[in-house]
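Here the structure comes first, spelled out in structure tokens, and everything after it is commentary.
The values are calculated or read from the model by the stated rules, or taken from the named source; none is laboratory data. In this text the structure is predicted, and so the values were computed from the model without any measurement. We place every Cβ from the backbone using ideal geometry, glycine too, and count neighbours over all the protein chains shown. All accessible areas refer to the heavy atoms of the entire protein, side chains included, with ligands and DNA or RNA removed. Shrake-Rupley method; radii C 1.70, N 1.55, O 1.52, S 1.80 Å.
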Amino acid sequence: MRPALSLRRAFTIVELLMVCAIIALLAALSIPNLVASKLKANETSAIAKLKKIHAAQFSFKNSDLDNDGKGNFGNMQALITAGQIDFGNGTNAPFNSDGYAFECEPSSDPSQVNYAFVATANPINPGSTGERNFVMDINGLVHFKTGEEILAASLQPACEVPPGCSVAGN
């Protein structure tokens, strides 16, 4: 005689569907938090890179590569060529990192080129790689504006922070 088989050998379809529903609910609740965390991480990285650009500018200025005794600030390409900063793509524009596009320009006024520069960071895909546009002044203070791209060329020749910007959490 054969032994009797256990009546309960596997999960029922209802039990499996309940587990799947719970997993789907947990995923639906956590995915928006992950996206928000990624945006915040990109923005924090952009601020940190702007601060690195600030340090690189002063290192570049102090090295006085053209030996004219003036110590001028440089644009992004000059900083990379001099080995002051690296964005991982050589000296080729665009200078993108962590969802942001970076620009850096010395003053276009020849009398100010060794006194002023401006650096900007704008999200490559606003809303998905970042929400805030950043600009850094010569003092290393980072400002932001939401929803409006800030271009380094548009801040020439004075290299001043545009109106309507707030100070970012430096």
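Mind listing whichever residues of segment 36-48 are open to solvent by 80 Å² or more (accessible area, probe 1.4 Å) and either modelled with pLDDT under 90 or among the charged types (D, E, K, R) (or both)? Step through it out loud before you land on a result.
First pass over segment 36-48, keeping only residues open to solvent by 80 Å² or more (accessible area, probe 1.4 Å): 38, 40, 44.
Across segment 36-48, the qualifying residues are Lys38, Lys40.
At least 1 residues that are closer than 20 Å to Pro94 by Cα and free of Cβ contacts under 8 Å to residues at least 40 places away in the same chain in each: list the strands (runs of 3 or more DSSP E) lying fully within segment 104-170 that qualify. Talk me through it step by step, then tell me what you get.
Values: elements: 117-123, 132-136, 142-146.
Output list reads 117-123, 132-136.
Read through the list (1) open to solvent by 70 Å² or more (accessible area, probe 1.4 Å); (2) assigned to a loop (DSSP other than H, G, I, E, B), then give the number of the only condition that Gly83 fails.
Result: Gly83 fails condition (1) only.
May I ask you to say which residue of Pro32, Pro94 is modelled with pLDDT under 85, open to solvent by 60 Å² or more (accessible area, probe 1.4 Å) and in contact with a strand residue (DSSP E or B) (Cβ under 8 Å, 6 or more places away or on another chain)? Break it down stepwise before answering.
Values: Pro32 fails: in contact with a strand residue (DSSP E or B) (Cβ under 8 Å, 6 or more places away or on another chain).
Residue meeting the stated conditions: Pro94.
Among the residues of segment 53-76, which ones are within 15 Å of Val118 (Cβ to Cβ) and either assigned to a loop (DSSP other than H, G, I, E, B) or of a type outside the set (Gly, Ala, Ser) (or both)?
First, pick out the residues of segment 53-76 that are within 15 Å of Val118 (Cβ to Cβ): 53-54, 56-58, 60-61, 72-76.
If the condition is that a residue be within 15 Å of Val118 (Cβ to Cβ) and either assigned to a loop (DSSP other than H, G, I, E, B) or of a type outside the set (Gly, Ala, Ser) (or both), then Ile53, His54, Gln57, Phe58, Phe60, Lys61, Asn72, Phe73, Gly74, Asn75, Met76 are the ones that fit.
Going by the conditions given, is Phe102 out of contact with any helix residue (DSSP H, G or I) (no Cβ under 6 Å at 6 or more places or on another chain), within 27 Å of Pro163 (Cβ to Cβ) and of a type outside the set (S, T, N, Q)? Break it down stepwise before answering.
Values: out of contact with any helix residue (DSSP H, G or I) (no Cβ under 6 Å at 6 or more places or on another chain): yes; within 27 Å of Pro163 (Cβ to Cβ): yes; of a type outside the set (S, T, N, Q): yes.
Against the criterion (out of contact with any helix residue (DSSP H, G or I) (no Cβ under 6 Å at 6 or more places or on another chain), within 27 Å of Pro163 (Cβ to Cβ) and of a type outside the set (S, T, N, Q)), Phe102 qualifies.
Would you check if Val118 is of a type in the set (Val, Ile, Thr), under 30 Å from Leu34 (Cβ atoms) and modelled with pLDDT of 85 or more? Can you show your working first?
Details: of a type in the set (Val, Ile, Thr): yes; under 30 Å from Leu34 (Cβ atoms): no; modelled with pLDDT of 85 or more: yes.
So Val118 fails the test.
Hey, could you check segment 118-170 for residues that are of a type in the set (D, E, K, R) and buried (at least 18 other Cβ atoms within 10 Å of the Cβ) and say which is farthest from Ser107 (Cα to Cα)? So that I can check it myself, show each step before the final result.
If we filter segment 118-170 for residues that are of a type in the set (D, E, K, R), which is where we start, we get 131-132, 137, 145, 148-149, 160.
Cutting the leftovers down to buried (at least 18 other Cβ atoms within 10 Å of the Cβ) gives us 132, 137, 145.
Values: Arg132: 24, Asp137: 12, Lys145: 21 Å.
So, considering only residues that are of a type in the set (D, E, K, R) and buried (at least 18 other Cβ atoms within 10 Å of the Cβ), the one farthest from Ser107 (Cα to Cα) is Arg132.
Counting only residues that are of a type in the set (Gly, Ala, Ser) and in contact with a Lys or Arg (Cβ under 7 Å, 6 or more places away or on another chain), which one in segment 62-111 is nearest to Cys159 (Cα to Cα)? Lay out the reasoning, then the answer.
Start the filter on segment 62-111 by keeping residues that are of a type in the set (Gly, Ala, Ser), which leaves 63, 69, 71, 74, 78, 82-83, 88, 90, 93, 97, 99, 101, 107-108, 111.
Add one more test, that the residue is in contact with a Lys or Arg (Cβ under 7 Å, 6 or more places away or on another chain), and what stays is 71, 97.
Values: Gly71: 17, Ser97: 23 Å.
So, considering only residues that are of a type in the set (Gly, Ala, Ser) and in contact with a Lys or Arg (Cβ under 7 Å, 6 or more places away or on another chain), the one nearest to Cys159 (Cα to Cα) is Gly71.
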